[in-house]
Amino acid sequence: MTTATATAVRRTPRRRPRAGGGQRRAPYLFLAPFLVLFAVFTMAPIVLAVYSSFFQTRRSGLGFGGEGEVVFAGLDNYVRALSNDGFVAGFGRMLGYGVVQVPVMLGLALVLALLFDTALVRWKPFFQLSVFMPYAVPSVVAALIWGFLYQPRVSPIVEGLRSVGWDVSFLSPDVVLWSLANVAVWSVTGVNMVILFSALQSVPREIYEAARIDGASELRTALSIKIPMIMPSLTLTFLFSIIGTMQLFNEPMTMRAVTSNISGDYTPNMAIFQATTLGGDVNLGSAMAVVLGLVIFVLSLVVQGVSRRRNGADR
Amino acid sequence: MARSSRLLAATSVVVGAALALTACSSSSDDSGGDTGAAGPVTLEFWGWATGLEDAVALWNEENPDIQVDFFRMTGDDGDKIPAAIDNGTAPDVVQMSVHSIPSHVIANRLTDLTEYVGDLEDDFTEASWANVTFDGSTYAVPQDFGPNALMYRSDIFEQHGLTVPTTWDEYLETARALKAADPNLYIAQMSPNETGYWIADVWQNEGSWFGIDGDAWTVDVNDEASKEVAERWQTLLDEDLVKVVDMWTPEYWAEINAGTIATINYAAWFPAMLEANAADLAGSWSVAPSPVSEAGSTAAGAGDSSVDVIPTGTEDVAQAAQFLTWLNTSDESLDILVGENSMFPAALSGLQSDALHQPNEYFGGQVVNDVFAEAAENVPASWVDGPVYDLVQDNIKDQFAKVGNGAQTFEQALDAAAEYARTQLEQQGLNVK
């Protein structure tokens with residue numbers, strides 16, 4: 001009896017460390033596939049880009065008959081990137097675009113989400129699906145569709161407006177940026193609406209009830225309760241929208257096929273594509289990509305910092 | 001680093017090829033065949049011209065020792081080529097745009113073919129051969145060519161009692177007459193996004209974007225030859241005689257189909273596109289030689305054309321060159337490519353072939369290739385591509401967009417593009433004069 005208890009007692013502490021070790025290792029085992037993929041497909045390219053941004057291929061004469069010499073160039077590629085008018089102007093365009101497109105799109109998404117959250121709208125699933133549907137259309141296809149709708153002679157919209165005496169030109173140099181913004185608004189309002197809507201759904205209903213008992217109107221409830229309650233989701237969608245803006249590539253690249261008013265370096269990403277694919281200068285492209293990455297990083301930090309301070313003040 | 005990885009890639013290609021060779025030669029030993037250094041080889045060939053499959057099949061039938069494995073390129077496959085060559089996984093033979101040659105040569109991606117195909121010079125038109133030869137070395141074999149001629153709406157010309165212009169001065173007069181007859185009519189369109197028009201006009205004027213002077217590149221984007229063309233286009237634009245519309249867009253084809261554009265001075269491969277996109281206009285078009293600067297001249301312009309190259313790292317260069325020579329100069333091959341698949345050939349023998357000179361139903365039974373073939377032989381050998389061609393072309397498109405909007409003149413656009421080209425060449429570390 002006593003021996004049996006003794007062995008049982010002795011056996012347990014011996015087994016425990018083994019079981020504990022397995023438990024401690026398990027998370028890493030489950031994480032391993034992610035970590036490997038993360039290292040290979042996220043970290044390695046970044047490291048490679050940073051590395052390659054410090055080198056240059058030097059050639060001489062006509063450049064024929066030699067392989068060219070790869071030399072360390074210090075910050076030269078960064079100087080070239082930042083003195084590249086097109087690349088820098090691309091940031092300007094994207095900032096202007098973002099300042100207009102992001103608030104308009106998020107405002108629209110927020111209003112729609114609030115409408116769907118109240119009892120105002122009937123056939124909710126139908127409308128929700130309709131608003132969300134454009135997101136399912138690939139951005140290239142969206143740009144093709146809108147590119148068609150913007151073109152004189154073939155677009156029912158342009159021709160329709162023309163027949164009532166309004167001669168619009170959606171693809172003229174001053175307007176084309178906003179025509180692009182319209183494509184983005186059409187594409188991503190729905191998905192942002194869904195995110196904001198689900199945040200609204202998770203707000204406890206008792207709060208609304210309390211507000212109603214206090215005599216708050218629907219508008220008052222929306223402004224003073226709903227929007228502050230979903231602030232974290234709003235910050236998140238705002239952040240994603242800014243990142244999306246800075247990375248704009250598919251839509252302008254596709255629309256370029258229908259209008260020459262979108263230059264080859266219209267957005268920072270297009271300038272990178274131009275430098276690497278057309279110019280064959282991977283080193284310069286890497287430097288540009290690092291610059292773009294840093295700008296997005298800094299913008300993200302600013303947005304997060306501001307929103308955190310605001311949330312803190314509210315509390 | 002780039003060099004060592006390239007070396008590694010090259011080594012692995014050599015090892016792979018050696019293994020393949022051993023495998024092949026052992027099998028040929030079994031059959032008691034010859035055992036020369038040039039055993040049976042299999043070449044991989046990437047291309048896009050229609051009919052290449054048929055030509056390759058014929059070659060494979062006749063050449064058991066040099067088998068060709070054809071892969072049809074589509075869409076953006078061309079973008080894969082530089083990476084494929086740099087990593088040693090490129091095919092043995094590739095079709096590419098002629099304008100890409102210099103940028104690939106300076107990146108050491110193309111085999112110097114001078115000793116293999118150098119004596120083919122007399123088989124090709126002067127201009128197409130000049131395009132594959134740089135600084136005395138030949139890097140490609142010309143495949144097709146795109147000489148210009150004037151496609152015009154004979155019905156519109158007839159309706160307004162106009163004659164077909166033979167000089168650019170007459171062209172301008174005709175443009176004015178058309179405009180006077182019907183304000184909705186334009187003699188042509190100006191397409192900022194299509195440099196082919198521009199290149200052809202400059203080329204006809206014996207101009208070029210680049211040149212080679214000793215061991216330095218010259219930038220000729222805004223030289224006299226180009227400025228003359230710029231002046232002509234500026235007049236057409238200022239007087240609203242050309243319609244500003246980007247090419248290849250639905251809007252462009254809508255304009256063509258609506259009959260607002262009366263002439264298209266464009267390449268030999270365009271009639272097929274016209275037929276495909278404006279079928280209703282069958283019988284309304286005719287073809288005449290392009291107008292020229294001075295009466296009596298026969299100079300013609302040309303735009304894009306394609307060539308076949310042999311990437312570096314290919315083992316069987318001699319066999320690949322042998323195949324390319326056959327593909328692009330032999331009657332057997334040209335009959336297939338030209339006759340059944342309406343490629344416009346760069347080879348002189350192809351220009352003479354009966355297959356090329358057939359009546360074209362879309363053009364009311366006119367033998368339009370009579371005009372294009374004559375133009376092909378009259379394209380000056382002046383055009384030289386440069387290592388930053390793609391960038392410069394992109395820049396010119398952006399500059400011309402501003403011209404189309406009235407924000408600057410053609411001349412300003414050319415000066416800006418020339419400045420851009422010079423900077424790009426210098427940044428590549430190349431000599432520029």
Region B:156-172 and region A:219-266: distance between their alpha carbon centers, rounded to Å: 53 Å
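State whether region B:255-389 is rounded, prolate or oblate according to the following rule on the C-alpha gyration tensor (a ≥ b ≥ c being the square roots of its eigenvalues): a/c under 1.5 gives rounded; otherwise a/b larger than b/c gives prolate, and the remaining case gives oblate.
Working: a/c = 1.93, a/b = 1.58, b/c = 1.22.
Prolate shape, in that a/c is at least 1.5 and a/b is the bigger ratio.
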Residues losing 40 Å² or more accessible surface upon assembly, region B:95-132, compared with the chain by itself, 1.4 Å: B:ILE106, B:ASN108
Expressed per residue, the solvent accessible area of region B:253-346 in Å² (1.4 Å probe) is about 32 Å²
Compute accessible area for region B:381-395 by itself and then with all protein chains, 1.4 Å probe, and report residues whose area falls by 10 Å² or more. B:ASP390, B:LEU391, B:ASP394
Provide the three semi-axes, in whole Å and in decreasing order, of the ellipsoid equivalent to the protein assembly as shown as defined by the square roots of 5 times the Cα gyration tensor eigenvalues. 53, 41, 25
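Taking beta carbons within 10 Å but only from partner chains, what does the mean come to for residues B:181-194? The partial results should precede the final answer.
Working: counts 0, 0, 0, 0, 0, 0, 0, 0, 0, 0, 1, 3, 7, 1.
Per residue, the number of nearby Cβ atoms from other chains is 1 on average.
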Most fluctuating residue of A:ALA142, A:ALA184, A:ALA89 in a GNM of chain A with Cα springs under 10 Å: which is it? A:ALA89
For B:GLY283, what charge total do you get from the other residues with a beta carbon under 15 Å from its beta carbon, if Lys and Arg give +1 and Asp and Glu give -1? -4
Longest span of chain A, sites excluded, free of chymotrypsin sites (Phe, Trp or Tyr not before Pro) in DSSP loop with at most 11 other C-beta atoms within 10 Å? A:167-315
Of B:ALA107, B:ALA268, B:ALA300, which has the largest mean-square fluctuation in a 10 Å C-alpha GNM of chain B? B:ALA107
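Per residue, how large is the accessible surface of region A:220-296? Use a 1.4 angstrom probe and give square angstrom.
I get 35 Å² per residue for this part.
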Over all pairs of different Cα atoms in region A:256-296, the reciprocal of the mean inverse distance gives a Kirkwood radius in Å of 10.6 Å
Once you've got the GNM for chain B with C-alpha springs shorter than 10 Å, pick whichever of B:PHE71, B:PHE400, B:PHE210 has the biggest mean-square fluctuation. B:PHE71
Cross-link table B:LYS80/B:LYS433; B:LYS80/B:LYS397; B:LYS179/B:LYS402; B:LYS80/B:LYS243; B:LYS80/B:LYS402, entries beyond 30 Å C-alpha to C-alpha: B:LYS80/B:LYS433; B:LYS80/B:LYS243; B:LYS80/B:LYS402
Going by Cα centres, region A:135-209 and region B:304-325 are how many Å apart? 49 Å
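What is the percent carbon and sulfur in the accessible area of chain B, measuring with a 1.4 Å probe over the protein chains and ignoring ligands?
So the carbon and sulfur contribution to the accessible surface is 48 percent.
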With every protein chain left in place, what is the accessible area of B:HIS160 in Å² (1.4 Å probe, nearest 10)? 60 Å²
Surrounding net charge for B:THR74, when Lys and Arg each add one and Asp and Glu each subtract one, Cβ distance under 15 Å: -2
Evaluate the Kirkwood expression for the hydrodynamic radius of chain B, namely the inverse of the mean inverse distance over all pairs of different C-alpha atoms, and round to one decimal in Å. 23.2 Å
Accessible area buried between chains A and B, both sides summed, probe 1.4 Å, in Å² to nearest 100: 3000 Å²
What figure in square angstrom, to the nearest 10, would you give for the accessible area of B:THR329 with a 1.4 Å probe? 30 Å²
Please identify every one of the GluC sites (Glu not before Pro) in region B:222-295 that sits in a loop by DSSP and has no more than 16 other beta carbons within 10 Å of its own beta carbon. B:GLU239, B:GLU294
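Obtain the radius of gyration and the Kirkwood radius of chain A from its C-alpha atoms and give Rg over Rh. Please report the intermediate quantities before stating the final value.
On the way: Rg = 27.5 Å, Rh = 24.3 Å.
For chain A, the value is 1.13.
Taking a probe of 1.4 Å, how large is the accessible area per residue of region B:132-248, in Å²? Walk me through the numbers before you get to the answer.
Details: 4010 Å² over 117 residues.
Counting only protein heavy atoms, the per-residue value for region B:132-248 is 34 Å².
When the dipole is taken about the Cα centre of chain A, and only Lys, Arg (+1) and Asp, Glu (-1) are charged at their Cβ, what size is it in debye, to the nearest 20?
Taking the Cα centre of chain A as origin, the dipole is about 2040 debye.
With all distinct Cα pairs included, what does the Kirkwood hydrodynamic radius of region B:280-359 come out to in Å, to one decimal, could you say? Present the calculation step by step, with values, prior to reporting the outcome.
Working: mean 1/r = 0.0636 Å⁻¹.
This gives a value of 15.7 Å.
Taking Rh as the Kirkwood radius computed over C-alpha pairs, what is the Stokes-Einstein D of region B:350-394 at 20 °C in a medium of viscosity 1.002 mPa s, expressed in µm² per second? Display every interim value, and only then the final one.
Numbers: Rh = 13.1 Å.
In µm²/s, the coefficient rounds to 164.
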With the full set of protein chains in place, find how many percent of the accessible area of chain A is carbon and sulfur; take the probe as 1.4 Å. 69 percent
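Under a Cβ-Cβ cut-off of 14 Å, what is the net charge of the residues other than B:ALA175 that fall near it, where Lys and Arg count +1 and Asp and Glu count -1?
Numbers: positive: B:ARG153, B:ARG176, B:LYS179, B:ARG232, B:LYS243; negative: B:ASP169, B:GLU170, B:GLU173, B:ASP182, B:ASP238, B:GLU239, B:ASP240.
Local net charge: -2.
Based only on Cα atoms, what Rg/Rh ratio does region B:218-260 have, Rh being taken as Kirkwood's radius?
Values: Rg = 14.2 Å, Rh = 12.4 Å.
Dividing the radius of gyration by the Kirkwood radius yields 1.15.
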Mind pulling the angle between the C-alpha long axis of helix B:52-62 and the longest principal axis of chain B? Nearest 10 degrees, somewhere in 0 to 90. 30 degrees
Over all viewing directions the Cα convex hull of region A:183-293 casts an average projected area in nm² of 9.2 nm²
Short version: which residues of region A:248-263 lose at least 10 Å² of accessible area, all chains versus chain alone, 1.4 Å probe? A:ARG256, A:ALA257, A:VAL258, A:SER260, A:ASN261, A:SER263
Compactness index (Cα Rg / 2.2 N^0.38 Å), region B:72-201: 1.51
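The values are calculated or read from the model by the stated rules, or taken from the named source; none is laboratory data. Keep in mind the model is a prediction, meaning the values are calculated, not measured. Cβ atoms come from the backbone with ideal geometry, glycine included; neighbour counts cover every protein chain shown. Note: areas computed on protein heavy atoms with side chains; ligands, DNA, RNA excluded. Shrake-Rupley method; radii C 1.70, N 1.55, O 1.52, S 1.80 Å.
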